[in-house]
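Heads up, the thing below is written out as structure tokens.
The values are calculated or read from the model by the stated rules, or taken from the named source; none is laboratory data. Note that the structure is predicted; figures quoted are calculated from it, not measured. A quick note on method: Cβ atoms are made from the backbone with ideal geometry, for glycine too, and the neighbour counts reach across all protein chains shown.
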Amino acid sequence: MKTALTIAGSDSSGGAGIQADLKTFSAHGVYGMSVIAAVTAQNTQGVLDVEDISPDMIGKQIDAIFTDIPVHAVKIGMVSDEASIKVIAEKLQTYQPEHIVLDPVMVSKSGYDLLKAEAKQALIEALLPLATVITPNLKEAGVLIDQSISDLEEMEQAAKQIYHMGPETVLVKGGHLEGEPADILFDGKTWRHFKGKRIHKNNTHGTGCTLSSAIAGNLANGHSLEDAILKAKSYIEGTIEHGLAIGKGVGPTNHLYQWFPETSVTD
Ligand SMILES: Nc1ncnc2c1ncn2[C@@H]1O[C@H](COP(=O)(O)OP(=O)(O)O)[C@@H](O)[C@H]1O
Ligand SMILES: Cc1ncc(COP(=O)(O)O)c(N)n1
């Protein structure tokens, strides 16, 4: 069995972060492992608090995995602290995993800061150049290039600018634009638009986490990057469509609907 590792924050309510990633890996038939970089007290209504795990402990978790188990793909999600980002970058440079999917998590859907302001530069300088693909949403892409982005043309230009910061490829996600959600991939030469189908449901807690870990799971399974993204888009649509009626706020996606179809929200 192929393996994938998520380096991210824990979401106590299970909809985003490490928990979404591990559920996604399992649904892709991949053995999931985790390095917890931060713990959030969070539910479907918002984030109450964040506590970072020490950089030393993050480094030890990474060593424990790579010195024992082959890792076929890595996904990086929420890492809020500058020193933690630097340790992760150093360790990944040492262990050289084949695929790194970087989801540059900055702010939760509910509006809580998940990246400290002073850590942005470390994210850009240390982690971006290691990424096989970086998957910013509109806001994150805007923060990376210090410009706001409001249409497909600006998404294309943002992808190109972020590409020049060092990752192999850039996927700017368009879920927050009106209309059908299109994500744009730039590989240094051409743009490819991945057009999706908008699912009108409230179950979008953790969609970015799910998309990036689905891409990592597909890469671990040997798919090309473009196929990995296509399959991940179809996966995210299914998990939103069949979202679970859990919590009072923005509900989680459903990773189990194919096994337990009766769990889907029917509205
Ligand atoms: N309502 C929706 N229906 C279908 N796909 C969606 C919907 N919302 C987001 N997506 C897709 O889910 C993924 C996550 O996108 P986005 O919401 O832009 O990022 P984030 O969750 O990081 O804010 C993207 O592939 C996007 O196109
Ligand atoms: C631990 C953790 N990681 C990532 C997100 C982003 O997910 P969302 O954009 O759905 O709030 C989150 N809320 N919590």
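A compact table of results
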{"read-out": "Residue match in the range 229-246 (condition: free of Cβ contacts under 8 Å to residues at least 40 places away in the same chain, exposed (fewer than 15 other Cβ atoms within 10 Å of the Cβ), more than 19 Å from the chain's Cα centre (by Cα) and closer than 26 Å to residue 154 by Cβ)", "value": "no"}
{"read-out": "Residue check, residue 193 outside any helix (DSSP H, G or I), on the phi < 0 side of the Ramachandran plot, touching a residue at least 12 places away in the same chain (Cβ under 8 Å) and of a type outside the set (A, V, I, L, M)", "value": "yes"}
{"read-out": "Residue under evaluation residue 180, criteria (1) touching a strand residue (DSSP E or B) at 6+ places or on another chain (Cβ under 8 Å); (2) at pLDDT 95 or above, criterion not met", "value": "(2)"}
{"read-out": "Residues located in the range 17-43, provided they are within 16 Å of ligand 1 (Cβ to nearest atom) and touching a Ser or Thr at 6+ places or on another chain (Cβ under 6 Å)", "value": "17, 18, 20, 21, 24, 42"}
{"read-out": "The one condition in (1) over 24 Å from residue 127 (Cα atoms); (2) in contact (Cβ under 8 Å) with a residue 40 or more places away in the chain; (3) within 14 Å of ligand 1 (Cβ to nearest atom) that residue 210 fails to fulfil", "value": "(1)"}
{"read-out": "Lone unmet requirement of (1) in a strand (DSSP E or B); (2) in contact with an Asp or Glu (Cβ under 6 Å, 6 or more places away or on another chain) for residue 122", "value": "(1)"}
{"read-out": "Contacts under 6 angstrom Cβ, first residue in the range 90-109 being touching a residue at least 60 places away in the same chain (Cβ under 8 Å), partner among the hydroxyl-bearing types (Ser, Thr, Tyr), 6 or more apart", "value": "99/132; 101/212; 103/135; 103/212"}
{"read-out": "Exclusive hit being among the polar types (S, T, N, Q), at pLDDT 95 or above and more than 16 Å from ligand 2 (Cβ to nearest atom), set 94, 40, 24", "value": "94"}
